[in-house]
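Quick notes on the structure that follows.
The values are calculated or read from the model by the stated rules, or taken from the named source; none is laboratory data. Quick caveat, the model's predicted, so the values are computed rather than measured. Neighbour counts run over all protein chains shown; Cβ positions are idealised from the backbone, glycine included.
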Amino acid sequence: MNDKILAAIIEISRPVNVLITFLSIFVAVVITGTLHPLLKVLLACISGGIITAASNTINDYFDLDIDRVNRPKRPLVTGKLTLRQAWFIAWSEFGLGIGLSLFINITAFLIALVVSGIIILYSFQLKRLPLIGNFSVSFITAMAFVYGGVTVNRIKETLIPAILAFFFHFGREIIKDLQDREGDARGSARTFPLVFGEIAAMGLTTSIFLILAVILPLPFLYGWYHMAYLAVIIIGVYPVLFYVTLSMWKNRSAKNLGVLSNILKADMLVGLLAIYLG
């Protein structure tokens, strides 16, 4: 394997997304109060990251025509990787990620298997359906925290961050659909903005973020998380949600929505910090 192909494999995996999954699982374990057994924790983080890489790779495989419009610099569009290579890489990564989960426990294995199945179905069909695809991605993201809890047999402590992650990603997914509406239309996708209109999509996103804004302080108010958690969300999460929502309504161009999507992705790390400090 030459350096160019290796670089393309890393690029198509979307390493930032892989890192976020890795950190989400690790933070989920940390907040349970134990890192034992450490080897299984590391296996969970690595297997989750690999499955995320597989997810992004197979998504690009099925979205080639759409990405020619929405993301013309992606590795398959530019020819850095062939469809055959991407197909082989994705299935190899799924196999490795699921295989590693076998060494954690049976519940972790089942989660990895089910999540991988949903990812494949999402990439093939679900993402082209209004809300079902968005829900699927948000559910998968939330399951990263549950996966961490399962690793150390403490699921209860990871349910709060899983719920918060679900709503955060649900709103971002609608924004991404708004951003990608031109390419999705050419690819005959039936995303929420294309079926119900842009105004309805922005209204839905606003509603999701309002729900998130209401539930964000609840872990502190109920005494589950500490003041540090509240401070971080007030300083680093609320302003971002407010800015993204306002900017979305003012400027719904694909370029601006792409910027907002990236801002939300960066803010995921701030959310992880809040949960870690909580």
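Restricting segment 84-129 to residues that are polar (S, T, N, Q) and buried (at least 17 other Cβ atoms within 10 Å of the Cβ) leaves a set whose member that is nearest to residue 174 (Cα to Cα) is 123.
Got a sec? Which of 25, 58 is within 18 Å of residue 102 (Cα to Cα) and touching a helix residue (DSSP H, G or I) at 6+ places or on another chain (Cβ under 8 Å)?
Details: 58 fails: within 18 Å of residue 102 (Cα to Cα).
Result: 25 is the single residue among 25, 58 that is within 18 Å of residue 102 (Cα to Cα) and touching a helix residue (DSSP H, G or I) at 6+ places or on another chain (Cβ under 8 Å).
Considering segment 152-162, the residues that are touching a helix residue (DSSP H, G or I) at 6+ places or on another chain (Cβ under 7 Å) and in a helix (DSSP H, G or I) include one that is farthest from residue 43 (Cα to Cα), namely 160. Checking each residue in segment 15-40 for being of a type outside the set (A, V, I, L, M, F, W, C), surrounded by fewer than 19 Cβ atoms within 10 Å (Cβ to Cβ) and closer than 28 Å to residue 81 by Cα picks out 15, 17.
I need a count of the residues in segment 239-249 that are loosely packed, with under 15 Cβ neighbours inside 10 Å, touching a residue at least 24 places away in the same chain (Cβ under 8 Å) and either under 17 Å from residue 220 (Cβ atoms) or not aromatic (Phe, Trp, Tyr) (or both).
Filtering segment 239-249 for residues loosely packed, with under 15 Cβ neighbours inside 10 Å gives 239, 242-243, 246, 249.
Imposing the further condition that a residue be touching a residue at least 24 places away in the same chain (Cβ under 8 Å) reduces the set to 249.
Within this subset, residues satisfying the condition of being either under 17 Å from residue 220 (Cβ atoms) or not aromatic (Phe, Trp, Tyr) (or both) are none.
The qualifying residues number 0.
Here residue 233 fulfils each of the conditions (1) surrounded by 14 or more Cβ atoms within 10 Å (Cβ to Cβ); (2) closer than 24 Å to residue 180 by Cβ; (3) modelled with pLDDT of 95 or more apart from (2). Scanning segment 72-81 for residues that are buried (at least 16 other Cβ atoms within 10 Å of the Cβ) and within 14 Å of residue 186 (Cβ to Cβ) yields one hit, 77.
When the residues of segment 62-71 are filtered to those that are in contact (Cβ under 8 Å) with a residue 40 or more places away in the chain and either of a type in the set (A, V, I, L, M, F, W, C) or in contact with a Cys (Cβ under 9 Å, 6 or more places away or on another chain) (or both), the one that is nearest to residue 185 (Cα to Cα) is 66. Take the conditions (1) without any contact (Cβ under 8 Å) to a residue 40 or more places away in the chain; (2) under 20 Å from residue 261 (Cα atoms); residue 78 misses just one of them, which is (2).
For segment 119-148, how many residues meet the condition of being within 19 Å of residue 46 (Cα to Cα) and not hydroxyl-bearing (Ser, Thr, Tyr)? Spell out how you get there, then give the answer.
Let us first name the residues in segment 119-148 that are within 19 Å of residue 46 (Cα to Cα), namely 119, 140-148.
Next, only the ones that are not hydroxyl-bearing (Ser, Thr, Tyr) stay: 119, 140, 142-146, 148.
Here the count works out to 8.
Considering segment 142-162, and only residues there that are buried (at least 24 other Cβ atoms within 10 Å of the Cβ) and β-branched (Val, Ile, Thr), the residue that is nearest to residue 225 (Cα to Cα) turns out to be 158.
Listed here are the residues, each with its yes/no results for (1) of a type in the set (Phe, Trp, Tyr); (2) surrounded by 15 or more Cβ atoms within 10 Å (Cβ to Cβ); (3) under 21 Å from residue 19 (Cα atoms); (4) at pLDDT below 95.
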{"site": "192", "(1), (2), (3), (4)": "yes, yes, no, yes"}
{"site": "205", "(1), (2), (3), (4)": "no, yes, no, no"}
{"site": "210", "(1), (2), (3), (4)": "no, no, no, no"}
{"site": "229", "(1), (2), (3), (4)": "yes, yes, no, no"}
{"site": "251", "(1), (2), (3), (4)": "no, no, no, no"}
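Can you find a residue in segment 262-269 that is touching a Ser or Thr at 6+ places or on another chain (Cβ under 7 Å), in a helix (DSSP H, G or I) and either under 19 Å from residue 24 (Cβ atoms) or in contact (Cβ under 8 Å) with a residue 40 or more places away in the chain (or both)? No - not one qualifying residue is present in segment 262-269.
Scan segment 163-190 for residues that are surrounded by 23 or more Cβ atoms within 10 Å (Cβ to Cβ) and outside any helix (DSSP H, G or I) and jot them down. Selection gives 180 alone. Remark: residue 95 falls outside the filter, which requires a residue to be more than 21 Å from residue 127 (Cα to Cα), over 21 Å from the mean Cα position of the chain (by Cα) and of a type outside the set (A, V, I, L, M, F, W, C).
Within segment 53-64, does at least one residue satisfy the condition of being charged (D, E, K, R), crowded, with 23+ Cβ neighbours inside 10 Å and over 30 Å from residue 153 (Cβ atoms)? Spell out how you get there, then give the answer.
Going through segment 53-64, the residues charged (D, E, K, R) turn out to be 60, 63.
Those still in the list that are crowded, with 23+ Cβ neighbours inside 10 Å too: 60, 63.
Narrowing further to those that are over 30 Å from residue 153 (Cβ atoms): 60, 63.
Looking through segment 53-64, at least one residue is charged (D, E, K, R), crowded, with 23+ Cβ neighbours inside 10 Å and over 30 Å from residue 153 (Cβ atoms).
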